[in-house]
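A quick write-up on the structure given underneath.
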Amino acid sequence: MIRDPKIAGEVSDLMLNITTELNQSLFKVQDCCPKDEFIAYRRIVGKVMGEIFFFLDPLFREHPELKPKDWD
């Protein structure tokens, strides 16, 4: 994993920002698209976010100071 605490922090911030953006995109699609399109989009976004969380979990174990308070 990423050993350098500075780089780990920067990557963590970027990944958490990406998940925020993805979450916001869900609301946009939900408001503007038919239900079946939203469900398909939500499934894909869920997979992407899951992969990001699988990456962040070991990063936070190596750098617990980076772990958000509400992570668990």
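Under 4 °C and 1.567 mPa s, how fast does the chain diffuse according to Stokes-Einstein, given a Kirkwood radius computed over C-alpha pairs? Answer in µm²/s, whole number. The partial results should precede the final answer.
Numbers: Rh = 13.3 Å.
The Stokes-Einstein estimate is 97 µm²/s.
Using a simple charge model, +1 on the beta-carbon of Lys and Arg, -1 on the beta-carbon of Asp and Glu, nothing else, what dipole does the chain show about its Cα centre, in debye to the nearest 20?
Values: 10 positive and 13 negative charges, 31 e Å.
Once rounded to the nearest 20, the dipole reads 140 debye.
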What's the angle, to the nearest 10 degrees (0 to 90), between helix 35-62's Cα axis and the longest principal axis of the chain? 0 degrees
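Readers should treat all values here as calculations from the given coordinates under stated rules, not as data from a laboratory. Owing to the predicted nature of the structure, the values given are computational and were not obtained by experimental measurement. Glycine gets a Cβ as well: all are built from the backbone with ideal geometry, and neighbour counts include every protein chain shown.
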